[in-house]
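The values are calculated or read from the model by the stated rules, or taken from the named source; none is laboratory data. This is a predicted model, so every value here is computed, not measured. Note that we place each Cβ from the backbone using ideal geometry, even for glycine, and neighbour counts take in every protein chain shown. Side chains included, ligands, DNA and RNA excluded: accessible areas come from the protein's heavy atoms. Shrake-Rupley method; radii C 1.70, N 1.55, O 1.52, S 1.80 Å.
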Amino acid sequence: MFGLGKPAGQQELGRSGGLPKMASVGDFNVLSSSIPATKVELSVSCRYGGDGGRGPLDMLKFENNQFFFPFTVCVLYTQAIGNKEWREFGRTEVIDNTLNPDFVRKFIMDYFFEERENLRFDFYDVDSKSPNLSKHDFLGQMFCTLGEIVGSQGSRLEKSIVGIPGKKCGTVIVTAEELGCCRDSVLMQFCANKLDKKDFFGKSDPFLVFHRSNEDGSFTICHKTEVVKNTLNPVWQAFKISVRALCNGDYDRTIKVEVYDWDRDGSHDFIGEFTTSYRELSRGQSQFNVYEVINPKKKGKKKKYVNSGTVTLLSFLIETEVSFLDYIKGGTQINFTVAIDFTASNGNPLQPTSLHYMNPYQLNAYGMALRAVGEIIQDYDSDKMFPALGFGARLPPDGRVSHEFALNGNPQNPYCHGIDGVMEAYYRSLKSVQLYGPTNFAPVINHVARYAASVKDGSQYFVLLIITDGVISDMAQTKESIVNASKLPMSIIIVGVGPAEFDAMEELDGDVVRISSRGRFAERDIVQFVPFRDYIDRSGNHVLSMARLAKDVLAEIPEQFLSYMRVRGIKPSPAPPPYTPPIHVLQTQI
């Protein structure tokens with residue numbers, strides 16, 4: 001048997017039923033307890049030969065007078081937020097005797113844009129039916145994040161298998177496919193004919209109430225139409241509802257529709273009801289979608305009772321909702337820019353009391369905020385080159401004050417390679433500039449807005465992270481810049497560090513009252529503000545602090561992104577064609 005390695009952090013997790021267990025849902029995570037943005041399905045393939053490393057002969061094993069290539073299984077691990085423990089998420093089936101296994105069994109995972117989901121794929125050559133992985137030969141492993149897979153071109157990530165010193169172990173190909181379950185919405189319109197008259201001096205003021213059935217036989221309200229006044233033959237406006245809300249994706253689930261006569265005091269009169277299902281409604285306007293409205297009490301009392309009118313489906317149109325991932329898969333890039341506050345109120349960087357203090361053993365608040373947000377967003381930017389700006393400092397050699405300077409010292413090319421490059425430029429700037437003031441945001445917002453204004457076709461979206469310690473000095477100009485930027489493909493994240501009061505920042509956030517400037521309101525809410533002190537973990541676990549911060553400040557980005565695309569009528573570009581494994585001379589035996 002080849003491959004006498006041990007994977008990083010391997011655990012001997014005994015499982016009943018042998019190796020081929022279904023890919024399962026991982027442990028509950030308190031930070032992931034919100035409803036996921038979507039679910040993605042991960043498909044895994046391996047290519048052991050032809051990478052300049054081990055050749056086919058190196059992979060052969062000899063048993064029972066026969067030569068075999070590996071019998072491969074893939075084991076997926078996820079890493080809990082806040083610690084380094086890896087937990088098994090699931091396993092594929094075993095693919096027999098091939099250098100190029102394409103696993104049929106998929107891993108289905110919840111996807112959150114705002115969270116960093118670390119993944120580890122381990123590969124083993126299976127020797128027996130034992131579920132204990134230590135009984136099998138380790139072939140190597142691959143580390144990545146879920147965002148890295150989703151953010152790759154076509155949501156297809158190809159990466160080298162590592163883990164055996166001195167050996168090139170081949171490559172692994174992981175593709176992500178968003179599950180389309182319940183992404184559809186329907187646009188429906190109904191009318192009614194000859195409804196019962198309920199009002200003494202008039203006719204009726206009818207409206208419809210839709211309920212979906214639950215597993216226990218109860219019903220949950222999911223939609224109300226508007227009231228159509230003084231008619232027994234109403235035509236209601238068309239309305240849009242998600243399939244998830246209407247029937248939770250179960251096309252045969254009972255949908256109950258009640259018809260009421262509206263009363264001003266809220267004691268609406270029941271006219272009658274009928275039941276249907278999504279499958280029936282999807283037939284559209286037809287004889288099958290004319291429903292008798294039945295009042296059970298009347299039916300029980302009156303022998304000649306027929307119905308209390310009829311309701312007819314006039315139209316039924318299915319619309320597939322586009323998602324954030326549709327745009328990412330179609331090639332839209334997320335461009336990340338950081339702007340750091342270099343005003344004197346931060347304190348002398350050489351002193352431990354300074355918010356900019358360069359502690360050799362741990363990140364300062366600026367560094368933590370930068371890494372927390374940047375390490376997630378960088379997965380959605382193909383070139384990993386990020387502009388890094390500073391504001392509020394005196395620059396060498398003449399001491400001029402700047403509110404828009406490049407941290408790397410090159411105003412013509414302020415780009416840094418990766419988050420590590422941004423961190424290096426930040427530390428270098430602390431040693432060369434003089435902290436000064438005031439705290440002006442407008443210049444850096446306008447800097448990013450100039451780039452965003454040049455790319456309005458949906459191919460790029462810009463996220464500006466501003467990290468600051470103090471009260472803003474140019475509020476009027478900043479509000480004007482934000483109102484202007486709300487028409488552009490960009491979002492702004494503001495993280496406040498230190499003990500200052502940040503009341504003025506809440507006005508910029510716009511969650512309660514839409515921000516305005518000189519009588520003009522922002523077209524969209526594009527600002528998210530949070531004070532970093534709210535995320536400090538009391539136990540000193542900075543990884544957990546950073547994860548909590550990232551989760552809150554990035555959670556609104558996908559919806560802000562989609563709001564821009566919807567307003568502009570921009571559809572996702574077609575995704576690249578799905579990856580098709582090449583045909584191999586060696587036949588895979590399953």
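Semi-axes of the equivalent ellipsoid for the chain, computed as √(5λ) from the eigenvalues of its C-alpha gyration tensor and ordered from largest down, come to 49, 41, 20 Å.
Please label the shape of the stretch 337-568 as rounded, prolate or oblate, based on the square roots a ≥ b ≥ c of the eigenvalues of the alpha-carbon gyration tensor (a/c under 1.5 means rounded; beyond that, a/b larger than b/c means prolate, else oblate). In terms of gyration-tensor shape, rounded. If you find the alpha carbon centre of the stretch 200-275 and of the stretch 127-165, how far apart are they in angstrom? Taking the Cα centre of the stretch 127-165 as reference, the centre of the stretch 200-275 is 51 Å away. Solvent-accessible surface of protein heavy atoms, probed at 1.4 angstrom with all chains present, puts MET368, MET385 in the order MET385, MET368, largest first.
Ignoring ligands, DNA and RNA, please state the percent of accessible area on the chain from carbon and sulfur, probe 1.4 Å.
On the way: 14470 of 27820 Å².
Ligands and nucleic acids excluded, carbon and sulfur reach 52 percent.
Ordered from largest to smallest accessible area (heavy atoms of protein chains, 1.4 Å probe), the residues LYS159, LYS302 come out as LYS302, LYS159.
Pull out a ≥ b ≥ c, the square roots of the eigenvalues of the alpha-carbon gyration tensor of the stretch 225-291, then state rounded if a/c is under 1.5, prolate if not and a/b is larger than b/c, and oblate in the remaining case. Note, shape of the stretch 225-291 comes out prolate. Given a 1.4 Å probe and the protein chains as shown, PHE89 ends up with an accessible area of around 10 Å².
If you count, for each residue, the other Cβ atoms within 10 Å and average over each peptide, how do 387-394, 207-214, 136-143, 291-298 line up from highest to lowest? Write out the running numbers ahead of the final one.
Working: 387-394: 24.2, 207-214: 18.9, 136-143: 22.0, 291-298: 16.1.
In descending order of packing, they fall as 387-394, 136-143, 207-214, 291-298.
Packing order of peptides 326-338, 104-116, highest average first: 326-338, 104-116 (average count of other Cβ atoms within 10 Å over each peptide's residues). Computed with a 1.4 Å probe over protein heavy atoms only, the accessible area of ASP269 comes to about 50 Å².
Under 26 Å of direct C-alpha separation, and excluding same-chain neighbours fewer than eight residues apart, LYS479 reaches these lysines: LYS456, LYS487, LYS551.
Computed over the Cα atoms, what is the radius of gyration of the stretch 87-185 divided by 2.2 N^0.38 Å, N being its residue count? Walk me through the intermediate numbers first.
Working: Rg = 15.2 Å, N = 99, 2.2 N^0.38 = 12.6 Å.
The reported ratio for this selection is 1.20.
Mind ordering 231-240, 185-194, 217-226 by average Cβ neighbours within 10 Å, highest first? Show your work: numbers first, answer last.
On the way: 231-240: 15.5, 185-194: 17.8, 217-226: 13.2.
Answer by packing, highest mean first, reads 185-194, 231-240, 217-226.
Which of the three applies to the stretch 334-427, rounded, prolate or oblate, going by the alpha-carbon gyration tensor with a ≥ b ≥ c and a/c under 1.5 meaning rounded?
Working: a/c = 2.26, a/b = 1.23, b/c = 1.84.
It comes out oblate by the Cα gyration axes.
Taken over the alpha carbons of the stretch 365-475 as equal point scatterers, the Debye sum produces base-10 log I(q)/I(0) values at 0.12, 0.15 Å⁻¹ of -0.43, -0.68.
Per residue, the stretch 399-541 exposes an accessible area of 44 Å² to a 1.4 Å probe, with every protein chain left in place. Shown are SER130, SER160, SER491, whose ranking by accessible area with a 1.4 Å probe and every protein chain present, most to least, is SER160, SER130, SER491.
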